[in-house]
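Heads up: the structure comes next, in structure tokens.
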Ligand SMILES: Cc1ncc(C[n+]2csc(CCOP(=O)(O)OP(=O)(O)O)c2C)c(N)n1
Ligand SMILES: [Mg+2]
């Protein structure tokens, strides 16, 4: 290791420790331990351009161990991404550019929001899939316009998560050779030694999943780390894990101990650190000039020059392959939009089909219009009807857009986010609604990041029937509806499903969309509208000019409420029916619109086959289901839970009049 590497690594350590101590909060252990890994990767490998931070062919860097945010901010600052030394010392403070964990869209150069362990690795698999797909689509034997790597830095905790293992297993199967995971293997985690919870053979495990495993025994040896990365880059058919043995909190008095993981170091420990590292600039809070210059030359300027070379290559590509170039630009600028719905599948009024089948048919149609959408189901295409186009994606068919995720819901959703995060592409995925519980944390991250990933679910109520309570969702709608920045749409029929799907795949959405669909056939109703969906709610049935009452409902219960309202009308009682497929979109409307739908003068009853909790905002009486389901044929379910015309009619009369 040469002296500038040593100086840089120790500068990252000492400045990092000082930043964390000033913040009185943060994780010094990983900063001190993995500084050589991060330094080697950035100064010798990563191609990024701070002047064009969205440069399409940049290497992607995922800090899966998000608690190492301080280290990432230091690297970004030194690499010219605009973080000043003051920004660094504002670490974790209100409104700073350097929040507790890395936040996508908040700090320039941060590729992904991380913090929940395991998500970074899993999401990076989606990025690597997108890269592999794009390379297969656009590269020519003489010009490789998509030619970069996805690098991940992870820790022991990341790898303990089931999510990471699901994703790694799939990555191995898919032979994603340009995915390189750098594993900060320090044998320590938050509560103590890793061997208190894990004694598995990491090499054996990752090799069994179809990965290369390279061991670097001295995590302070930048040359050894570089050699390993060079070796990994040669891989032609496997992703690579480089396990790098490091010492958590290297240089601190309590190095090697879990106590250094997440506690800011007292001032005297920082002095000891400076001494232990023989760091010559211990007095300074800033990086030494030599280090700044080294990064300027070896990250910033190297990155800018790589980007310039790529732009040059792109000009040649444009001349030689103008059609492909034009298509590539559409991907780069995410320039795909539905301009005409002339040939979209339609259903006649009265025609009954399950909304899941309709969802599948509309998705197939969307795939013909949007070449940038890619996704699939968690081994449930036969039930969800959701699949991508162009055959199954894999090493033999990298242009397939149908991903067979296997029964790996959590990784599926994170991978979907990775495809969307990559840029230009849009990921979608599907499963049984009840098993959305398995993937919720990834939807939450999509919502935090403002990603337009699309999550499609079938079997949205207890009408699942025979499979019983484990398979019958009850509380999931409320769960997702309570998640900020998440658009949950529960369409009632074919028209509303069409509106929902068109909305979900719109170009500039800054939120994920969750669409739920029915197992059972539902009639395409006279009263519904595709356009109404984009407003979140609309009056589907107006009983009279100033009806005193209204039902608020959605999904399969809309047709029931319409029948009840018509029966009440025959009795001379005027009850409007409000279809509210998306509370999220409704809440975004003007007060005027909202008041025109939810009239102050009306008493309302909400009806949904799911948890009643969320509906009290819109209704004084709610007919919901607040118990788990029961196994029985669907024909018995409606009676069992009282979701029949007569029962709703009676409950309305008893409770609203
Ligand atoms: C899903 C999840 N669970 C728990 C945490 C809290 N947490 C943050 S870091 C950490 C320990 C991780 O250990 P390791 O990856 O070995 O990090 P190191 O201590 O080596 O820095 C834990 C439990 C988290 N961030 N995400
Ligand atoms: Mg560890």
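The figures follow:
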{"read-out": "All positions within the stretch 194-204 that are within 16 Å of ligand 2 (Cβ to nearest atom) and not in a helix (DSSP H, G or I)", "value": "197, 198, 199, 200"}
{"read-out": "Some residue of the stretch 390-410 being under 12 Å from residue 456 (Cβ atoms) and either surrounded by fewer than 22 Cβ atoms within 10 Å (Cβ to Cβ) or at pLDDT 95 or above (or both)", "value": "no"}
{"read-out": "Checking residue 321 against (1) closer than 29 Å to residue 404 by Cα; (2) crowded, with 17+ Cβ neighbours inside 10 Å; (3) at pLDDT 95 or above, the condition it does not meet", "value": "(1)"}
{"read-out": "Helices (runs of 4 or more DSSP H) fully within the stretch 81-193 counting 2 or more residues that are within 16 Å of ligand 2 (Cβ to nearest atom)", "value": "119-138, 156-160"}
{"read-out": "Qualifying residues in the stretch 147-163 (those that are in contact (Cβ under 8 Å) with a residue 60 or more places away in the chain, buried (at least 24 other Cβ atoms within 10 Å of the Cβ) and within 13 Å of ligand 1 (Cβ to nearest atom)) - the one farthest from the chain's Cα centre (by Cα)", "value": "155"}
{"read-out": "Some residue of the stretch 347-356 being in a loop (DSSP other than H, G, I, E, B) and crowded, with 22+ Cβ neighbours inside 10 Å", "value": "no"}
{"read-out": "Some residue of the stretch 116-123 being surrounded by fewer than 22 Cβ atoms within 10 Å (Cβ to Cβ), within 21 Å of residue 444 (Cβ to Cβ) and either within 18 Å of the chain's Cα centre (by Cα) or in contact (Cβ under 8 Å) with a residue 40 or more places away in the chain (or both)", "value": "yes"}
{"read-out": "Pairs, first within 19 Å of residue 167 (Cβ to Cβ) in the stretch 177-188, second within 16 Å of ligand 2 (Cβ to nearest atom) and in a loop (DSSP other than H, G, I, E, B), C-beta under 7 Å, six or more apart", "value": "184/65; 184/155; 184/246; 185/246"}
{"read-out": "Test: residue in the stretch 179-196 that is away from ligand 1 (no atom under 16 Å from the Cβ), crowded, with 17+ Cβ neighbours inside 10 Å and either under 30 Å from residue 273 (Cα atoms) or at pLDDT 95 or above (or both)", "value": "yes"}
{"read-out": "Hey, residue 60 farther than 24 Å from residue 281 by Cα, crowded, with 24+ Cβ neighbours inside 10 Å, away from ligand 2 (no atom under 16 Å from the Cβ) and at pLDDT 95 or above or not", "value": "yes"}
{"read-out": "Given (1) within 16 Å of ligand 1 (Cβ to nearest atom); (2) closer than 22 Å to residue 225 by Cβ, index of the condition residue 75 fails", "value": "(1)"}
{"read-out": "Residue 37 being outside any helix (DSSP H, G or I) and touching a strand residue (DSSP E or B) at 6+ places or on another chain (Cβ under 8 Å)", "value": "no"}
{"read-out": "Breaking point among (1) modelled with pLDDT of 95 or more; (2) in contact with a strand residue (DSSP E or B) (Cβ under 7 Å, 6 or more places away or on another chain); (3) under 26 Å from residue 440 (Cα atoms); (4) crowded, with 18+ Cβ neighbours inside 10 Å, for residue 386", "value": "(1)"}
{"read-out": "Hits in the stretch 236-277 (condition: free of Cβ contacts under 8 Å to residues at least 60 places away in the same chain and in a loop (DSSP other than H, G, I, E, B))", "value": "236, 253, 254"}
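The values are calculated or read from the model by the stated rules, or taken from the named source; none is laboratory data. Everything numeric here is computed off the predicted structure, so don't read it as measured data. Backbone-built Cβ (ideal geometry, glycine too); neighbour counts: all protein chains shown.
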